[in-house]
Amino acid sequence: MFSLYLSLPVLCLIVMSAAVKKYRFLHWEFDCQQDSLRHVDEQVSQKLEPQAAALLLLLIENREKVFSKEELSRALWPDTVVEENSVYQLLTKLRKVLRDPPKQAQIIKTFPKKGYRLICEVKRCEAGESGTQSDEKIREQLAVPQEPENTSGGKQATNKKQEKRFQLTLITVFFLLLGFTAIAYFSIQSPQETPVNYSSLELTTALGLESWPAAHPLDGSIVYIKDGHQLWRKGKNTYAEQIFESPDRLFYPAWSIKGDNIALWQLKNTECLLTVRDKQGNELTRSPLVRCDYVGRLLWLDDNRLLAIYRTAGLYRVFQYDVPAGTFTEIPLVLNEGERLRTVVKAWQDKIFYITVDANYHSRLIDKSGIAYLSWDYPVKFAAFDSKQQRLLINDKSKHQGLSSFTLDGQQQNIAQTARGIFSAIAADHQGNLYATVENWQVNIRDKDNLPVFSSTSLDYLPVSNALGETAFMSRRGGFCQIYLHEEGKVKQLSHFNNYDKVKFVRWSPDLSLILTNRDNSAYIYNRNGLVNSFALVTPDLPVSFGWLSKDKIYSFDGDYLRYYLLSGQKVAEFQLDADNVFYQADKQLWWLFNNNRLYAVGGELLDTAQLTEQLKLSGQQGSKISDIRMVGNRMYWKSRSDHQDFIWQYQLNDSAPALIKRGRFIWNYDVNSGFELSVAVKEHIEGNIRFYKSH
């Protein structure tokens, strides 16, 4: 609540504001009593949101002051905890209405690391006037009247009466405003902004992974995917039943608007298929096969059209799919530089919104033209809309990706957290009930005897051992990618980051003194005590291959260009390269290159493609999606992926063919020590249940 104590200067400001109805600045006229903004030249008026109007009034009446975000937050949302970016969102909305872009600001200027201030000239209009008046004129009208000098005795009496009258006026205005403030405070607590209470229970409890719930629009039933290959339906107060099974991986079922059909993705090795089925799982129609490496959300627009997201070359694109015609038409989105599509959601007034993520892992809710409505300083991974409560449902920024909801004006409610596992998907029905997938799994590095090397409850990846028996690896134990070193039976943490950058590579230097890793498209170099140096790679994309040329130089290949760097970060060479993947064997100064199911080799630190010699022909399974290339002695190892299976191959130089030494699902990485013993980092103990949250 507001403080009941107001000083005389503040009371004078209240009286002054009460006497003022309109402000003029540049091409705008602002009616602070009606929260109305009118463009003077165009003669067009629009109603401002209450918070936007309050922000504009605050900046106008204190235009000599630079307000920090914290000061604005306290002034606009007293005694209320709001999201950190609420002020930024409100400023963005107001600037958009005022046609005042931040980089060419004429009205609201940003002062870096300080705050925001109104910088244009403002004139006041008295209540009842249509013209403009200066600050001085307003102050003159509020001043105490002066009496003629020849009535000194009466003058004192008159002044006392005027002073008492003025004090009574101030007191009256104060209590009137206090009453209006109380009315306004309680009136804005609308039912929509009242926190929603939920009770929860496990809706599915069978062993295995149940995910991707989709709520029926009318009858309270849901469909979901079980163990990646089965489509199940569960009616209200009935047992679940399997209605379809496929050898392909199934994703993102979606009920049609009337609830009579179900659309879902079927993911093959390098292609995607969209099918529409009835309630019993019978196929009604299917799309042509499209090239893709993963799929995203399906969303019905009407009885004959869907929005469909799938990924090619690492980028998600959104299409309108015409069911009768069986055609995909790409929808062009206006994105910022470095921004990528993440998912799509139908929300307020059935408008289609797109959720994006940028290079800094900040997310935005935008429309097709790129206009932003909400933004978050963390990556949003899934979304749904609660039409009853009019709230957007997304993951929060916690380690376990808890659930949060947002109103269109940015008000947040935390819904749920999970102690084990993570939330990975969410849906809402027409009654405001939620269905969320909670996945529980871990990634262990297991040795040749299938025993966990470091821990049995961690998320450990990318192991790489050396001849001294030490192993460097990456782990998400704390929720973010960190580098660890296992030596002499102890685990030491080398990095300490609090961001969402991804690590794909961990490599020992040829002399075993340093460890090279990436964080997105930057290089990081560690010794056994911690970080030594880091620098940005000259590439727009994440590395495909990354390693050491010598103890003083490294290389990075992004799929198009191979670049060499000194450890200081200086780029010393760059050239275009046609290859699926490459690896440099520093001890033999030998390049290995995979391309079009062929393995080539050439000597010399400077890769000369004209001198490449073919070493081996590969099968489609051996040459598909190659990663994790490494040499141990005279044996080469690599991982491939085909038909939803991971394969680890060993090729002894001069042999006629590579040997398969490991296969399975969810083999994320592997390691081979100096004794040629294999260990793998594998995603295991996969469980997932659908949890039901009933709204009250």
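Name the pairs: first residue in segment 30-51 and polar (S, T, N, Q), second residue part of a loop (DSSP other than H, G, I, E, B), Cβ to Cβ under 8 Å, at least 6 apart or on different chains?
S36/L48; Q51/D409
Residue check: is D260 surrounded by fewer than 19 Cβ atoms within 10 Å (Cβ to Cβ) and more than 26 Å from K694 (Cα to Cα)?
So D260 fails the test.
Can you tell me which of (1) among the hydroxyl-bearing types (S, T, Y); (2) over 30 Å from N499 (Cα atoms); (3) not assigned by TED's automatic domain parsing to the domain that holds L301 is the one T356 doesn't meet?
(2) is the only condition that T356 fails.
Taking the options R317, R364, name whichever one is out of contact with any Lys or Arg (no Cβ under 9 Å at 6 or more places or on another chain), under 26 Å from K502 (Cβ atoms) and buried (at least 18 other Cβ atoms within 10 Å of the Cβ). Full working, then the answer.
Numbers: R317 fails: out of contact with any Lys or Arg (no Cβ under 9 Å at 6 or more places or on another chain).
Going through R317, R364 in turn, just one is out of contact with any Lys or Arg (no Cβ under 9 Å at 6 or more places or on another chain), under 26 Å from K502 (Cβ atoms) and buried (at least 18 other Cβ atoms within 10 Å of the Cβ): R364.
Within the set of pairs 6 or more residues apart or between chains, which connect a residue that is under 26 Å from T285 (Cβ atoms) inside segment 326-345 to a residue that is exposed (fewer than 12 other Cβ atoms within 10 Å of the Cβ) and modelled with pLDDT of 95 or more with Cβ atoms less than 9 Å apart?
Qualifying pairs under 9 Å: G326/P288; T327/P288; F328/P288.
Keeping to segment 52-70, report how many residues are among the β-branched types (V, I, T) and without any contact (Cβ under 8 Å) to a residue 60 or more places away in the chain.
The number of residues fulfilling the criteria is 1.
At least 2 residues that are in contact with a strand residue (DSSP E or B) (Cβ under 7 Å, 6 or more places away or on another chain) and crowded, with 20+ Cβ neighbours inside 10 Å in each: list the strands (runs of 3 or more DSSP E) lying fully within segment 488-546 that qualify.
Because the criterion is at least 2 residues that are in contact with a strand residue (DSSP E or B) (Cβ under 7 Å, 6 or more places away or on another chain) and crowded, with 20+ Cβ neighbours inside 10 Å, the strands (runs of 3 or more DSSP E) in segment 488-546 that meet it are 506-508, 515-519, 522-527.
Just checking, which of D552, D580, D587, D560 is in contact (Cβ under 8 Å) with a residue 24 or more places away in the chain and surrounded by fewer than 14 Cβ atoms within 10 Å (Cβ to Cβ)?
Within the list D552, D580, D587, D560, the selection yields D587.
Please work out if N282 is touching a residue at least 60 places away in the same chain (Cβ under 8 Å) and more than 20 Å from I426 (Cβ to Cβ).
Here the answer is no, as N282 does not meet what is asked.
Considering only residues that are of a type outside the set (S, T, Y), at pLDDT 90 or above and in contact with a Phe, Trp or Tyr (Cβ under 7 Å, 6 or more places away or on another chain), which ones fall in segment 417-459?
A425, I426, A427, A428, N433, L434, A436, V438
Pairs only if they're at least six apart or on different chains, beta carbon under 9 angstrom, first in segment 603-627 and without any contact (Cβ under 8 Å) to a residue 12 or more places away in the chain, second outside any helix (DSSP H, G or I) and surrounded by 15 or more Cβ atoms within 10 Å (Cβ to Cβ); list them, first residue then second.
D608/W591; D608/V602; A610/V602; Q611/V602
Can you pull out the residues in segment 304-325 that are in contact (Cβ under 8 Å) with a residue 12 or more places away in the chain and of a type in the set (A, V, I, L, M)?
L306, L307, A308, I309, A313, L315, V318, V323
Go through segment 482-528 residue by residue and tally those that are free of Cβ contacts under 8 Å to residues at least 12 places away in the same chain and out of contact with any Phe, Trp or Tyr (no Cβ under 7 Å at 6 or more places or on another chain).
Within segment 482-528, residues that are free of Cβ contacts under 8 Å to residues at least 12 places away in the same chain and out of contact with any Phe, Trp or Tyr (no Cβ under 7 Å at 6 or more places or on another chain) number 3.
Of everything in segment 580-634, what is part of a loop (DSSP other than H, G, I, E, B) and basic (K, R)? Give them in sequence order. Show your work before the answer.
From segment 580-634, those part of a loop (DSSP other than H, G, I, E, B) are 580, 586-589, 595-597, 604-608, 612, 618-626, 633-634; that's our starting set.
K588, K625 - these are the residues of segment 580-634 that are part of a loop (DSSP other than H, G, I, E, B) and basic (K, R).
Condition check ((1) surrounded by fewer than 13 Cβ atoms within 10 Å (Cβ to Cβ); (2) touching a residue at least 40 places away in the same chain (Cβ under 8 Å)) across all residues:
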position	(1), (2)
Y637	no, no
W649	no, no
K662	no, no
F666	no, no
S674	yes, yes
L678	no, yes
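Answer yes or no as to whether T329 is part of a strand (DSSP E or B), touching an Asp or Glu at 6+ places or on another chain (Cβ under 9 Å) and loosely packed, with under 15 Cβ neighbours inside 10 Å.
Taking the combined requirement at face value, the residue satisfies it.
Quick test for you: out of D377, D409, pick the one residue that is farther than 23 Å from K694 by Cβ, modelled with pLDDT under 95 and within 9 Å of the chain's Cα centre (by Cα). Walk me through how you get there before you give the answer.
On the way: D409 fails: within 9 Å of the chain's Cα centre (by Cα).
Every option except D377 fails the conditions.
The values are calculated or read from the model by the stated rules, or taken from the named source; none is laboratory data. Values in this document were obtained by computation on a predicted structure and should not be read as measured data. Every residue, glycine among them, receives a Cβ derived from its backbone with ideal geometry; neighbour counts consider all protein chains shown.
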